[in-house]
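Report on the structure given below.
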Amino acid sequence: MKVLFDHQIFSFRYGGASKYFAMLMSSLPSDSWSATSLFSSNEYVRAKHLFRTYRYMFRGQTQVTDLLNMPYTHYRLRRRDYDVYHQTNFGTSFIGDIGTKPMVTTYHDSNLSTIDPHPEIVAKQRKSLQRSDAIIAVSQNTKNDLLQLFDVDEEKVHVIYHGIELPELDTLPKERIVEHPYILYVGRRSEYKNFWRFAEAFSHVHIKYPDVHLVCTSEAFSAQESERLVGLGIWGAVHHIGADEATMQRLYRDALLFVFPSLYEGFGMPILESWSCGCPVALSSASCFPEIARDAGVYFDPNDDESIADCMSRLLGDEALLRSYAAKGRERVKLFSWQKCATEHMKVYQSIIQ
């Protein structure tokens, strides 16, 4: 059996969806798949040596990469020398190329239909989902959202959790990146990520625990964001660190606590990343979080900054409790692996081949 993945998601340098596809491909038998990406900007592809990546970054790289790969994707799909087509994003211009070949789509979350509406992309999602012979949902919560939003046959939808590649922490540099004890926030700061309510909560916690700082990853703070942090009285206690995979592992390893305040996520891969590095997790009681974390996380109401602050303060004030949740996380993370994820995908691929 041969599965063909298109180039779409690999035009982006980072992102949870591209990491999922890169890890899935690297966990499948090497002779069971191929991809239409002649060039890639993706760091997860680079780390796994899956196919060619640019040596240097340049302005407009994502758009240029997409334009270079698009003709080859059309060509490969029209050749139909594969058994299953698994599209990596919702560009619908390729659907006409596959004829009657089986198609799989992964649905990551409902953000574009609800929290961050983009009706033009949702229209493409609808077309892709209706054409698909099988749909992968990354959590039961995401499957429920999908079935509410789109007219698709429930029997086509398969819930497959993401995995995690357990890091070799002993191989990492022993030195701390941030000397202060700190809480870790990972990811972008868009509205549904709920960062500013969390920042308000941290400002209260920082009064009680002035030595505890906040470390944020993703893009650097804008001038407007910096002003807001100054207004909250925490600018001097907030650090921005642009982090690759190894740096992220060190940040998780040395954090007192990872806090995930999002109002909505499809799966929440940073939960697994935190556990894998021995870091306890405090997280929102919304969306898929209770499904994924179960009793290995401490929950708060993401719409209430006092609830978030009380949760952080309770954990920071009890070292035994922090160690307890770190231990629970180390046990629960064992249930998630990319190999298990890949095996379950193979079963889906095989089930739709005529």
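The values are calculated or read from the model by the stated rules, or taken from the named source; none is laboratory data. Because the structure is predicted, anything quoted here is derived from the model rather than measured. With ideal geometry, Cβ positions are generated from the backbone for all residues, glycine too; neighbour counts draw on all protein chains shown. Heads up: the accessible areas ignore ligands, DNA and RNA and are worked out on the full protein's heavy atoms, side chains in. Shrake-Rupley method; radii C 1.70, N 1.55, O 1.52, S 1.80 Å.
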(1) part of a helix (DSSP H, G or I); (2) touching a Phe, Trp or Tyr at 6+ places or on another chain (Cβ under 8 Å); (3) small (Gly, Ala, Ser): which one isn't true of ALA282, the others all being true?
(1)
Taking region 319-354 as the region of interest, how many residues are open to solvent by less than 20 Å² (accessible area, probe 1.4 Å) and polar (S, T, N, Q)?
0
Consider SER307 carefully, then state whether it is more than 14 Å from HIS204 (Cα to Cα), touching a strand residue (DSSP E or B) at 6+ places or on another chain (Cβ under 9 Å) and either of a type in the set (Ser, Thr, Tyr) or surrounded by 21 or more Cβ atoms within 10 Å (Cβ to Cβ) (or both).
no
Report the residue count in region 1-50 for those that are of a type in the set (D, E, K, R) and open to solvent by less than 10 Å² (accessible area, probe 1.4 Å).
1
State which residue pairs qualify: first residue within 17 Å of VAL205 (Cβ to Cβ) and inside region 227-242, second residue in a loop (DSSP other than H, G, I, E, B) and open to solvent by less than 30 Å² (accessible area, probe 1.4 Å) in any location, beta carbons under 9 Å apart, and separation of 6 or more residues or different chains.
ALA237/VAL212; HIS239/VAL178
Can you give me the ranges of the helices (runs of 4 or more DSSP H) entirely in region 170-276 with at least 1 residues that are more than 30 Å from GLN140 (Cβ to Cβ)?
195-208, 223-231, 245-254
Within region 107-121, how many residues are closer than 15 Å to ASP145 by Cβ and free of Cβ contacts under 8 Å to residues at least 24 places away in the same chain?
2
Across region 74-106, what is the number of residues that are in contact (Cβ under 8 Å) with a residue 60 or more places away in the chain, within 17 Å of VAL157 (Cα to Cα) and open to solvent by less than 10 Å² (accessible area, probe 1.4 Å)?
7
Would you mention how many residues in region 1-38 are touching a Lys or Arg at 6+ places or on another chain (Cβ under 6 Å) and more than 19 Å from GLY268 (Cα to Cα)?
2
Residues of region 172-182 being open to solvent by less than 30 Å² (accessible area, probe 1.4 Å) and either of a type in the set (Ser, Thr, Tyr) or in contact with a Leu (Cβ under 9 Å, 6 or more places away or on another chain) (or both), which ones?
VAL178, TYR182
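To keep it simple, each residue is scored yes or no on (1) modelled with pLDDT under 95; (2) open to solvent by 80 Å² or more (accessible area, probe 1.4 Å).
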{"position": "GLU165", "(1), (2)": "yes, yes"}
{"position": "ASP170", "(1), (2)": "yes, yes"}
{"position": "LEU184", "(1), (2)": "no, no"}
{"position": "TYR192", "(1), (2)": "yes, no"}
{"position": "HIS213", "(1), (2)": "no, no"}
